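A.B. asks: One structure, as structure tokens, below. Some questions next.
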Amino acid sequence: MFNKILVLLTAVLCVVTAAKADDKTEAAILKAVETGMPQALSTLEKAVNINSGTMNFAGVRAVGDVFIKELDELGFKTEWAPGESFNRAGHLVASRGTKGPKILMIGHLDTVFAKGDAFQKFEPLLGGKIKGPGITDMKGGDVIIIAAMRALKAAGVLDDVSIRIVMTGDEEASGRPLTASKKALVDAAIWADIALGFEDGDGNVKTAVVARRGSVNWSLDVTGRAAHSSQIFTDEVGYGAVFEAARILNGFREKLSTVENLTFNPGRIVGGTRTTEDAATATGTAFGKNNVVAKTLRVTGGIRALSPEQLEAAKAEMHKIASENLAHTSAKLVFGDGYPPMAPTEGNYKLLSLYSKVSEDLGYGEVIAVNPRRAGAADISFAADHVEMALDGLGLMGMGGHTKDETADMESFKRNTEKAALLIYRLSQ
């Protein structure tokens, strides 16, 4: 199936080499995008003005309801996948069509801004900018999905492709277990041939994402032999928990810090005679004295890798380092679940080439791949391994994501709607 898709996509690339944006159907699509911009902007304002911090379940559902109404009008079969089993609001899933390539379009409804946050409103600024919570990450991308669907329907070509849209309610703080919280997304990816994500990438309209590094948590628990500090380094006492943890962490740095696109970070460390940890608040306490060899220490951190193979190799090296213990110490390294990598595949690059060709035909210039060091984890990572090709970063561009200065560059709103609509149309041909 993979080779078949690549051959078909290569054929599409050849066919559209001479295509111009004034082709009758493409011209109709572009006109429909233009006509639909006022409605799209109104929808965006409405969605941004609804607080949908991840744990504001009612707000997440309310944003979903705004989009469900519009998707229903376009003939989609919509449903709300409930989130009780993973302690989140749930997800919006919409499906339409039985012909042509099967395309998954990915968005998310939640933001990082809690219900009581001071940053709540859609605020137009000078210079074609709009400020607002979640406007680029990623309610703008959600609205681009809907606006592209509306344009394709108006041009009479939406029936030539099969679409499934998944807008998750917990991208910013995933529910657990991930097998439950990501099930709707993974099921849709298994169904699909192609996945398109509408995050804002690195905020540059001239880039798109062919690869994202995964993000996995890890913890390191180290124990030593408690004793008077005057006896540290002796055969009877050894080195204690702190020196052993320092050895392990420095070993990670020496062996792995130069591996391209691999990063790992010990974010919190607590050690001493006694320690406590509250994972929910990311805090810890420690009791210890300068004249007592530390008995216990805990480190928590994260690791990001570009491919499953790179991640597994790093894990193996880290386990090896953690097992070569100093005298009278022991260490236990545990990796949790998290976002898998979106590896940079041949299919992803071919899809980028087609997207870039659309952009060039529209006079917007070439689109190049984002450096994966500048692309964080995102929901498309859960889909990428199940589809023949994937591309992300197709949403509304801007700056200041996850801060109270989150601001959209609205010039990219129409441009990326046009590009998404033409990309899907050309894939359908």
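A.B. asks: Restricting attention to segment 138-147, which residues are touching a helix residue (DSSP H, G or I) at 6+ places or on another chain (Cβ under 9 Å) and open to solvent by less than 10 Å² (accessible area, probe 1.4 Å)? Give the derivation first.
C.D. replies: First, pick out the residues of segment 138-147 that are touching a helix residue (DSSP H, G or I) at 6+ places or on another chain (Cβ under 9 Å): 139-147.
The answer is Lys139, Gly140, Gly141, Asp142, Val143, Ile144, Ile145, Ile146.
A.B. asks: Tell me which residues, restricted to segment 64-92, are under 18 Å from Leu44 (Cβ atoms) and open to solvent by 20 Å² or more (accessible area, probe 1.4 Å). I'd like the intermediate steps shown before the answer.
C.D. replies: Taking segment 64-92 as the starting set, the residues that turn out to be under 18 Å from Leu44 (Cβ atoms) are 64-71, 73-74, 92.
Within segment 64-92, Asp65, Val66, Ile68, Lys69, Glu70, Glu73 meet the criteria.
A.B. asks: Yes or no: Asn261 closer than 30 Å to Gln231 by Cβ, in contact with a helix residue (DSSP H, G or I) (Cβ under 6 Å, 6 or more places away or on another chain) and surrounded by fewer than 19 Cβ atoms within 10 Å (Cβ to Cβ)? Even if it seems obvious, please write down each step before you answer.
C.D. replies: Values: closer than 30 Å to Gln231 by Cβ: no; in contact with a helix residue (DSSP H, G or I) (Cβ under 6 Å, 6 or more places away or on another chain): yes; surrounded by fewer than 19 Cβ atoms within 10 Å (Cβ to Cβ): yes.
Spelling it out, it is not the case that Asn261 is closer than 30 Å to Gln231 by Cβ, in contact with a helix residue (DSSP H, G or I) (Cβ under 6 Å, 6 or more places away or on another chain) and surrounded by fewer than 19 Cβ atoms within 10 Å (Cβ to Cβ).
A.B. asks: Still on this structure, please answer the following. Of the conditions (1) outside any loop (DSSP other than H, G, I, E, B); (2) small (Gly, Ala, Ser); (3) touching a Phe, Trp or Tyr at 6+ places or on another chain (Cβ under 9 Å), Gly395 clears all except one; give me its number.
C.D. replies: Of (1) outside any loop (DSSP other than H, G, I, E, B); (2) small (Gly, Ala, Ser); (3) touching a Phe, Trp or Tyr at 6+ places or on another chain (Cβ under 9 Å), only one is false for Gly395: (1).
A.B. asks: Can you confirm whether Lys115 is basic (Lys, Arg), open to solvent by 10 Å² or more (accessible area, probe 1.4 Å), more than 29 Å from Lys404 (Cα to Cα) and in a loop (DSSP other than H, G, I, E, B)?
C.D. replies: On the way: basic (Lys, Arg): yes; open to solvent by 10 Å² or more (accessible area, probe 1.4 Å): yes; more than 29 Å from Lys404 (Cα to Cα): no; in a loop (DSSP other than H, G, I, E, B): yes.
Answer is no for this residue.
A.B. asks: I'd like to check something: does segment 170-193 contain any residue that is within 21 Å of Ser428 (Cβ to Cβ) and not aliphatic (A, V, I, L, M)?
C.D. replies: yes
A.B. asks: Does Arg150 count as open to solvent by 20 Å² or more (accessible area, probe 1.4 Å), assigned to a helix (DSSP H, G or I) and in contact with a helix residue (DSSP H, G or I) (Cβ under 6 Å, 6 or more places away or on another chain)?
C.D. replies: Values: open to solvent by 20 Å² or more (accessible area, probe 1.4 Å): yes; assigned to a helix (DSSP H, G or I): yes; in contact with a helix residue (DSSP H, G or I) (Cβ under 6 Å, 6 or more places away or on another chain): yes.
Against the criterion (open to solvent by 20 Å² or more (accessible area, probe 1.4 Å), assigned to a helix (DSSP H, G or I) and in contact with a helix residue (DSSP H, G or I) (Cβ under 6 Å, 6 or more places away or on another chain)), Arg150 qualifies.
A.B. asks: Out of Glu406, Glu360, Glu411, which single residue is open to solvent by less than 10 Å² (accessible area, probe 1.4 Å) and at pLDDT 95 or above? Can you show your working first?
C.D. replies: On the way: Glu360 fails: open to solvent by less than 10 Å² (accessible area, probe 1.4 Å); Glu411 fails: open to solvent by less than 10 Å² (accessible area, probe 1.4 Å).
After ruling out the rest, the residue left standing is Glu406.
A.B. asks: Would you tally the residues in segment 240-258 being open to solvent by 80 Å² or more (accessible area, probe 1.4 Å) and either at pLDDT below 95 or over 33 Å from the mean Cα position of the chain (by Cα) (or both)? Steps first, answer last, please.
C.D. replies: First, the residues of segment 240-258 that are open to solvent by 80 Å² or more (accessible area, probe 1.4 Å): 243, 253-255, 258.
The next check asks that each one be either at pLDDT below 95 or over 33 Å from the mean Cα position of the chain (by Cα) (or both); those that pass are 243.
Final tally of qualifying residues: 1.
A.B. asks: Quickly run through segment 278-297 and pick out the residues that are in contact with a helix residue (DSSP H, G or I) (Cβ under 9 Å, 6 or more places away or on another chain), open to solvent by 60 Å² or more (accessible area, probe 1.4 Å) and not in a loop (DSSP other than H, G, I, E, B).
C.D. replies: none
A.B. asks: Against the conditions (1) surrounded by 24 or more Cβ atoms within 10 Å (Cβ to Cβ); (2) closer than 24 Å to His386 by Cβ, where does Ile135 fall short? Just the number, please.
C.D. replies: (2)
A.B. asks: Do you know which of the residues in segment 327-359 that are of a type in the set (S, T, N, Q) and part of a helix (DSSP H, G or I) is nearest to Leu391 (Cα to Cα)?
C.D. replies: Going through segment 327-359, the residues of a type in the set (S, T, N, Q) turn out to be 329-330, 345, 348, 353, 356, 359.
This time we only want the ones that are part of a helix (DSSP H, G or I), so: 348, 353, 356, 359.
Details: Asn348: 6, Ser353: 11, Ser356: 11, Ser359: 14 Å.
Per the criteria, the residue is Asn348.
The values are calculated or read from the model by the stated rules, or taken from the named source; none is laboratory data. Keep in mind the model is a prediction, meaning the values are calculated, not measured. As a convention, Cβ positions derive from the backbone with ideal geometry for all residues, glycine included, and neighbour counts pool all protein chains shown. Each accessible area value is taken on the protein alone, full model and side chains, heavy atoms only, with ligands, DNA and RNA left out. Shrake-Rupley method; radii C 1.70, N 1.55, O 1.52, S 1.80 Å.
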